[in-house]
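Novice: There's a structure below that I have some questions on.
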Amino acid sequence: MMTKSDYEAVGVMPVMVIEKLEHAVPLARALQAGGIKALEITLRSDVAWQAIETIKKEVEDIAVGVGTISNAEQLERAAKLELDFAISPGLTANLLAASKDLDIAFLPGVATPSELIMGMEGGLECFKFFPAEAAGGIPMLKSFAGPYPQISFCPTGGISMKNVKDYLALPNVMCVGGSWLAEKQHVQAENWAAITDCAKETLAHIG
Ligand code: 3PG
């Protein structure tokens with residue numbers, strides 16, 4: 001079960017889209033070789049759940065989470081698989097209620113104070129901030145810190161090497177996520193070395 005300090009230790013988290021099951025393990029291993037400590041595998045492909053199960057079984061010493069959680073059934077499935085965390089782009093009353101009954105670290109997405117308050121009412125203190133750049137980016141996170149300095153965020157959406165450091169410098173950012181760490185063109189070309197290099201370069205950049 002991921003806690004705030006676990007997310008802080010992660011720093012950057014790849015948002016992964018796995019279209020082919022045979023890419024699952026090499027991609028996860030390439031990221032791990034580059035120093036990545038946690039993976040978000042999105043439910044944006046037909047083989048996503050199989051890819052998650054395979055990575056969980058075959059790749060050790062890395063936190064495995066699912067993204068794009070959009071209903072209670074998906075959250076239940078994630079809990080049954082004993083995943084380290086489950087991420088949603090948003091937050092609904094249904095998802096919040098389901099997460100309370102399940103033994104899984106749930107990281108829902110928020111983009112407004114009302115969504116944030118709803119999550120806080122459910123006892124949550126860690127959220128995804130999505131879509132980060134489109135929803136106000138760094139100024140929005142600074143604004144959230146005014147009334148709610150105790151709340152921590154994992155911004156995703158529009159983050160890259162260009163701005164990752166600026167996001168991580170904010171006191172209310174515990175880690176950041178993004179697809180730049182698992183670029184589609186490299187995955188399609190099975191260029192695992194490029195994936196490892198990008199992770200290494202990112203970790204060196206954030207220091
Ligand atoms: C997500 O699902 O968290 C985002 O789509 C990732 O956004 P990015 O592709 O801009 O990094």
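Novice: Would you please list the contacts, defined by Cβ atoms under 7 Å and residues six or more apart or on different chains, that run from a residue in the range 189-200 that is surrounded by 15 or more Cβ atoms within 10 Å (Cβ to Cβ) to a residue that is of a type in the set (Val, Ile, Thr)?
Specialist: Listed by first residue and then by second, the contacts come to Ala199/Ile36.
Novice: Mind checking which residues of the range 150-173 are surrounded by fewer than 23 Cβ atoms within 10 Å (Cβ to Cβ) and of a type in the set (A, V, I, L, M)?
Specialist: Listed by number, the residues that qualify are Ile151, Met161, Val164, Leu168, Ala169, Leu170, Val173.
Novice: What pairs come up if the first residue lies in the range 48-75 and is within 24 Å of Lys4 (Cα to Cα), the second is assigned to a loop (DSSP other than H, G, I, E, B) and of a type in the set (Ser, Thr, Tyr), and their beta carbons are under 7 Å apart, counting only those six or more places apart or on different chains?
Specialist: Within 7 Å, the pairs are Ile69/Ser88; Ser70/Ser88.
Novice: Still on this structure, please answer the following. Would you call Thr54 within 16 Å of Thr156 (Cα to Cα), modelled with pLDDT of 95 or more and not acidic (Asp, Glu)?
Specialist: For Thr54, the condition - within 16 Å of Thr156 (Cα to Cα), modelled with pLDDT of 95 or more and not acidic (Asp, Glu) - is not met.
Novice: Condition first: assigned to a helix (DSSP H, G or I) and within 16 Å of the ligand (Cβ to nearest atom). Now tell me which residues in the range 180-200 satisfy that.
Specialist: Passing the criteria: Trp180, Leu181, Ala182, Lys184, Gln185, His186, Val187, Gln188, Ile195, Cys198, Ala199.
Novice: Can you find a residue in the range 69-91 that is of a type in the set (Asp, Glu), away from the ligand (no atom under 16 Å from the Cβ) and part of a helix (DSSP H, G or I)?
Specialist: yes
Novice: May I pose another question? Test each condition in (1) closer than 18 Å to Thr68 by Cα; (2) surrounded by fewer than 19 Cβ atoms within 10 Å (Cβ to Cβ); (3) touching a helix residue (DSSP H, G or I) at 6+ places or on another chain (Cβ under 7 Å) for Ile138 and report the one that comes out false.
Specialist: (1)
Novice: For the range 10-34, what are the residues that are out of contact with any strand residue (DSSP E or B) (no Cβ under 9 Å at 6 or more places or on another chain) and either in contact (Cβ under 8 Å) with a residue 24 or more places away in the chain or among the small types (Gly, Ala, Ser) (or both)?
Specialist: Glu19, Lys20, Leu21, His23, Val25, Pro26, Arg29, Ala30, Ala33, Gly34 - these are the residues of the range 10-34 that are out of contact with any strand residue (DSSP E or B) (no Cβ under 9 Å at 6 or more places or on another chain) and either in contact (Cβ under 8 Å) with a residue 24 or more places away in the chain or among the small types (Gly, Ala, Ser) (or both).
Novice: So which residues in the range 103-152 are polar (S, T, N, Q) and touching a strand residue (DSSP E or B) at 6+ places or on another chain (Cβ under 7 Å), if there are any at all?
Specialist: Correct list: Ser152 only.
Novice: Taking the range 54-73 on its own, how many of its residues are surrounded by 15 or more Cβ atoms within 10 Å (Cβ to Cβ) and either over 25 Å from Trp180 (Cβ atoms) or of a type in the set (Lys, Arg) (or both)?
Specialist: Counting residues in the range 54-73 that are surrounded by 15 or more Cβ atoms within 10 Å (Cβ to Cβ) and either over 25 Å from Trp180 (Cβ atoms) or of a type in the set (Lys, Arg) (or both) gives 2.
Novice: So, Gly146, is that one under 18 Å from Pro113 (Cα atoms) and out of contact with any His (no Cβ under 7 Å at 6 or more places or on another chain) or not?
Specialist: Criteria met by Gly146.
Novice: Can you pull out the residues in the range 106-130 that are surrounded by 16 or more Cβ atoms within 10 Å (Cβ to Cβ), touching a residue at least 40 places away in the same chain (Cβ under 8 Å) and either in a loop (DSSP other than H, G, I, E, B) or at positive phi (or both)?
Specialist: Phe130 - this is the single residue of the range 106-130 that is surrounded by 16 or more Cβ atoms within 10 Å (Cβ to Cβ), touching a residue at least 40 places away in the same chain (Cβ under 8 Å) and either in a loop (DSSP other than H, G, I, E, B) or at positive phi (or both).
Novice: Would you be able to tell me the number of residues in the range 131-162 that are within 16 Å of the ligand (Cβ to nearest atom) and not in a loop (DSSP other than H, G, I, E, B)? Before the answer, list the steps.
Specialist: Within the range 131-162, the first condition is being within 16 Å of the ligand (Cβ to nearest atom), and the residues that meet it are 131-138, 140-141, 153-162.
From what is left, the residues that are not in a loop (DSSP other than H, G, I, E, B) are 137-138, 140-141, 153-156.
Matching residues across the range 131-162 total 8.
Novice: State which residue is farthest from the ligand (Cβ to nearest atom) when the search covers only the range 163-179 and only residues that are outside any helix (DSSP H, G or I) and within 12 Å of the chain's Cα centre (by Cα).
Specialist: In this case the residue turns out to be Met174.
The values are calculated or read from the model by the stated rules, or taken from the named source; none is laboratory data. A quick note: this is a predicted structure, and the numbers were derived from the prediction, not measured. Here Cβ is always computed from backbone atoms with ideal geometry, including for glycine, and neighbour counts include all displayed protein chains.
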